[in-house]
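Report on the structure given below.
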Amino acid sequence: MPKMKTKSSVKKRFKLTASGKVKVAAAGKQHGMIKRSNKFIRDARGTMVLSDQDAKIVKQFMPYGK
């Protein structure tokens, strides 16, 4: 049986926690910080855990992460 392929874009953007939840960085922080409010920049710091509905979609593309 051949190896299952993981979607490359998914493995770059998401990580799995030990309990199987999906961890992701905040969106909107790549460029253009000058026009964003300080509150937005502060709130978008670090990582967050996806909701169960969204995590279910992401896990379809990472077959060995289940």
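Some observations on this one:
- For Met62, the conditions (1) surrounded by 14 or more Cβ atoms within 10 Å (Cβ to Cβ); (2) modelled with pLDDT of 95 or more all hold with the exception of (2).
- The C-beta contact set for region 49-66 (first residue more than 14 Å from Lys5 (Cβ to Cβ), second residue part of a loop (DSSP other than H, G, I, E, B) and modelled with pLDDT under 90, distance under 8 angstrom, 6+ apart or interchain) comprises Lys59/Lys66.
- Enumeration of residues in region 1-20 that are free of Cβ contacts under 8 Å to residues at least 60 places away in the same chain, under 20 Å from Gln60 (Cβ atoms) and part of a loop (DSSP other than H, G, I, E, B): Met1, Pro2, Lys3, Lys5, Thr6, Lys7, Thr17, Ser19, Gly20
- Selection within region 21-36: residues that are without any contact (Cβ under 8 Å) to a residue 24 or more places away in the chain and either assigned to a strand (DSSP E or B) or at positive phi (or both). The member of this set that is surrounded by the fewest Cβ atoms within 10 Å (Cβ to Cβ) is Gly32.
The values are calculated or read from the model by the stated rules, or taken from the named source; none is laboratory data. Please read all numbers here as calculations on a predicted model, not as lab measurements. Note that each Cβ is placed from the backbone with ideal geometry, even for glycine, and that neighbours are counted across all protein chains shown.
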